[in-house]
Structure formats: C-alpha cells, structure tokens
Amino acid sequence: MTEPSTSRWIRREPLVLPLWRDLPQDAREAFRRADDALDAAADRAALLPHAGLEGALPPPRAAKEHIHHRLTVKFPPVTTPIGLFRSREEWSVLNAQPGAADALSRQPLQEDLNAWNKRFTGDGLLRTGAICTNADSMGRRVVFPPPGNVRTQLEELHGFLARHDAAPRSFRGTVSLIAVTNCHPYTDGNGRVGRSLFNAIINSAKSSLGCYLPLREIHTYSRGGYIIRARQAEIHGDWTPISRFMLAAVRLWDEQLFSKLQLSLAG
C-alpha cells in the first residue's frame with residue numbers, strides 16, 4: 001500500500017471494549033429501553049412478510065432527535081426513498097441460521113462471521129493484508145488495525161459477549177457492530193457481517209428473526225448521525241450518544257412497521 005503524497009493517514013486503534021457496569025446511567029437506561037422497543041417491533045414484524053423488509057424507508061421530512069446530528073448539514077441530503085434490499089439480503093442470510101446468537105456462546109465467534117462473509121462475498125477468510133478507506137474530500141484515509149490484530153480482537157469480542165450475557169441485547173449488539181467495523185476482519189463485506197452480528201444478538205436464542213433492524217438504511221437516513229456517534233464510542237469511549245441513537249433507531253423502525261401493518265390490514 002503506497003501512501004500518496006496528498007493523503008493524510010488516520011490509523012484506527014483497536015477498540016477498547018466497554019464494561020456494562022462502567023457505562024453512565026443514561027446510557028444503560030437507553031439500552032434497556034431499546035430492548036423493550038425491540039420486543040414491540042418484533043411483535044409487529046412477525047405479522048409482516050419478510051419481517052417488514054419490503055419497499056423502502058421514506059426520506060426524513062425533518063430532523064429527528066438522536067438520529068440526526070448538528071453536523072448532519074455537512075452530509076448529502078436524503079430526498080428519495082431508501083430501498084431496503086440490502087437489509088433484506090442480510091436478513092435472508094441470517095435467517096438461514098436459526099438461533100445464530102445462541103450459537104455464538106458455544107463456538108468461536110469467528111466461525112459464524114466467516115460463514116456469513118462467505119455467503120455475502122464468496123470469500124469467508126480473514127484478511128491478511130492492510131486495509132483502508134477511500135480518501136475523503138480532504139484526502140484523508142482511515143487505516144484499520146493490522147491483520148495480525150484481527151484474531152485477537154475477535155477473540156476478545158467473543159469473551160465480551162460471554163461475560164455480558166445478562167446485559168441488554170442492544171448494548172451487546174451495538175458494541176459488537178462497532179468492534180467488527182473497527183477491526184475490519186475481511187477484505188469485503190465487513191458492514192454486512194457487523195450488521196448481521198448485531199441482529200443475531202438482538203434476536204438472541206430465537207428460532208427465527210423476530211425483528212431485523214435495517215441499520216444500513218437507517219445509517220443513510222441519519223445523514224451521518226450514526227457514524228458520528230459510532231466514532232464517539234470508538235475513539236473517545238463515549239457510549240451515551242450511540243445508546244440514544246440506537247433507541248431512536250428502533251423506535252423509528254417500529255413506526256415504519258406500524259405503518260406497514262396498518263396498510264396491510266387495510267388492504
């Protein structure tokens with residue numbers, strides 16, 4: 001990997017996994033409420049084809065608290081419906097492995113992630129080389145932790161999930177999503193694998209996926225709101241903003257499921 005003279009390289013440090021007991025009270029309460037909201041959303045999703053992952057997520061008509069951010073104006077506007085096809089693909093892959101989250105406690109986490117990545121990309125092997133993002137408008141690139149760190153980071157995440165099995169599912173899923181994004185274990189498909197892991201965890205021990213939170217589409221909807229809060233957790237160890245984001249995201253999706261269900265019943 002040759003460094004262009006015009007670029008700025010930002011090296012991502014391995015994520016320091018948080019402890020549930022050390023989170024501020026506000027963050028813990030937001031994650032607990034997110035779990036309650038997930039249960040309500042699951043009841044609605046169960047009554048809809050493909051867990052409600054049909055059609056599109058409407059573009060935002062106005063900024064939503066804890067979804068959007070004061071820096072949202074620096075991101076491209078979202079003016080057209082956001083198709084849910086990517087989340088439906090992820091849901092289909094994960095639904096082919098019932099009880100996926102329960103299995104995570106019985107076998108190395110890497111085995112499940114590799115299997116999902118193979119379904120998504122045809123590869124399924126951990127990367128062996130350096131990897132970075134494309135340059136942004138200012139020529140900056142993020143370089144993810146070296147490939148030699150990947151196995152260790154995944155082992156640490158597996159241990160984190162085992163130690164926090166009594167913590168809210170939304171907390172465990174959010175940390176896992178950010179951890180996978182942080183170490184970027186694959187050459188391709190990291191986002192899909194991370195989102196699948198999140199959704200496997202929030203559906204822990206279920207025989208099927210009660211609710212699949214379409215994180216990719218909500219990320220687009222948020223106009224940078226997700227990525228800003230994820231970086232606050234990843235870089236600064238501040239998990240309160242992302243806890244509030246996840247609660248707001250589940251409520252947003254539950255509103256969409258309610259609308260879809262009303263239309264279904266009216267038809």
For this session: Could you give the size of the charge dipole of region 1-90 about its Cα centre, using +1 on the Cβ of each K and R and -1 on the Cβ of each D and E, expressed in debye and rounded to the nearest 20?
Result: 420 debye
Problem set entry | Most positive-pole-ward Cα, C211, G122, H68, against dipole of the chain from beta carbon charges | H68
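What dipole magnitude, in Debye to the nearest 20, does region 114-215 give about its Cα centre under +1 on Lys/Arg Cβ and -1 on Asp/Glu Cβ? Can you show the working numbers first?
Numbers: 12 positive and 6 negative charges, 33 e Å.
Value, rounded to 20: 160 debye.
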Problem set entry | For Y221, Y212, order by how many other beta-carbon atoms lie within 10 Å, fewest first | Y221, Y212
Exercise. Just K64, K118, K74 to compare: in a GNM of the chain, with alpha carbon springs under 10 Å, which one fluctuates most?
Worked result: K74
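Within 10 Å of each residue's Cβ, count the other Cβ atoms and sort V73, V143 from fewest upward.
Working: V73 11, V143 16.
Going from least to most buried by this count: V73, V143.
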Problem set entry | FRET efficiency, L261 to A135 (Cβ-Cβ, R0 51 Å, nearest 0.05) | 0.70
Exercise. What is the order of S196, S204, fewest Cβ neighbours within 10 Å to most?
Worked result: S204, S196
Problem set entry | Assigned charges on the beta-carbon of Lys, Arg, Asp, Glu; the chain dipole about Cα centre (debye) | 560 debye
Problem set entry | Potential lengthening between R21 and D39 on full extension [0.36 nm per residue; Cα-Cα distance subtracted] | 4.2 nm
Exercise. In a solvent-free Debye calculation with one equal scatterer on each Cα, what is log10 I(q)/I(0) for region 63-157 at q = 0.14, 0.16, 0.17 Å⁻¹, listed in the order of the q values?
Worked result: -0.89, -1.06, -1.10
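Every number here is computed from the coordinates shown, using simple stated rules; none is lab data. Just so we're clear, the structure is a prediction, and the values are computed from it rather than from any experiment. As a convention, Cβ positions derive from the backbone with ideal geometry for all residues, glycine included, and neighbour counts pool all protein chains shown.
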